[in-house]
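Undergrad: Take this structure first; my questions come after.
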Amino acid sequence: MGRLVLPLIFVLAAASITPSTAQTLVLGAIAQSTAQILDLSAVASSTAQILNLSATPFNFLPTLAPTVTQINCYYQNIASGTTEDSYGIANSSITNQSFTRFGFLDIDDVLLTEGPDPTSNVIGLAQGLFGSADLNTLGFLLEFNVYFPSGPYNGSTLHISGRDSPFLSYRELAVTGGTHYFRLAKGFVTMSTVFGNNSTMNATFEFNITVYHPNTVVKTMLGL
């Protein structure tokens, strides 16, 4: 290899650097390197926050602006016939002797339709439990999920719970939660009888569902 020849100006410049100057240059280089590291750290932290927002959006839901969604539908309870959607799964020891049939429990998969006609467009399914929970008067326990298999709330659910007193023209149930589009949902349902047949036990009920939940426009932007 050839001998390395340094330009004279470089040699003179090097010779003129004092120990103090050299320390200053080294410290300056360290400071610059540290600043770069800190900057990269800040970028990494910011990136982690973005990734965290995408991976765990639940932490951000309580901070989103609230909105109200209202849904009108009809609960088509078919207790007999070829399209039966309600089946008994339990009775108490006194069900057969009880005026209120206390302790009977059914499991249901009931159509929710746009109109009172059972053949109208289906918007959801009410899937859950229905039973007699009052020894003295007719009072039924309703505990079910509303599942939306398609449409604007596709894949979402609402959980509804409460008491159905069939002799009252107006009943109210509670919306106690929800999933997907309806995360952190709360609200209420007004319920009234549209049609009832005492011999077949088939009935149609109108539901007006009011749901209070985080703003879905922002949720959609976050990919929820």
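The values are calculated or read from the model by the stated rules, or taken from the named source; none is laboratory data. Bear in mind the structure is a predicted one, so any value in this text is a computation, not a measurement. Heavy atoms of the whole protein, side chains included, go into the accessibility calculation; ligands, DNA and RNA do not. Shrake-Rupley method; radii C 1.70, N 1.55, O 1.52, S 1.80 Å.
Undergrad: Full-extension gain between ARG163 and ARG101, please, as 0.36 nm times their residue separation minus the C-alpha to C-alpha distance.
TA: Extra length from ARG163 to ARG101 when fully extended: 20.8 nm.
Undergrad: Just want to confirm a number: the relative contact order over the range 123-180, from Cα pairs under 8 angstrom separated by 6+ residues, in percent.
TA: The normalised contact order for the range 123-180 reaches 28 percent.
Undergrad: Over the range 129-224, what is the mean sequence separation of C-alpha contacts under 8 Å (at least six apart), divided by residue count, expressed as relative contact order in percent?
TA: It comes to 17 percent, rounded to a whole number.
Undergrad: Using the heavy atoms of the protein chains and a 1.4 angstrom probe, tell me the accessible area per residue for the range 117-224 in square angstrom. Before the final figure, lay out the partial values.
TA: Numbers: 5420 Å² over 108 residues.
That works out to 50 Å² per residue.
Undergrad: Going by a ≥ b ≥ c, the root eigenvalues of the Cα gyration tensor, does the range 88-224 fall in the rounded group (a/c under 1.5), the prolate group (a/b larger than b/c) or the oblate group?
TA: Taking the square roots of the gyration eigenvalues as a ≥ b ≥ c, the range 88-224 is prolate.
Undergrad: What percent do you get for the relative contact order of the range 77-171 when only Cα pairs under 8 Å and 6+ apart count? Before the final figure, lay out the partial values.
TA: Numbers: 206 pairs, mean separation 17.6, N = 95.
Answer for the range 77-171 is 18 percent.
Undergrad: Under the Karplus relation 6.51 cos²θ - 1.76 cosθ + 1.60, θ = phi - 60°, what is the ordered set of whole-Hz ³J(HN,Hα) values for the range 126-133, x standing for Gly and Pro?
TA: For the range 126-133, the Karplus-derived couplings read 9, 10, x, 10, 9, x, 8, 10 Hz, x marking Gly and Pro.
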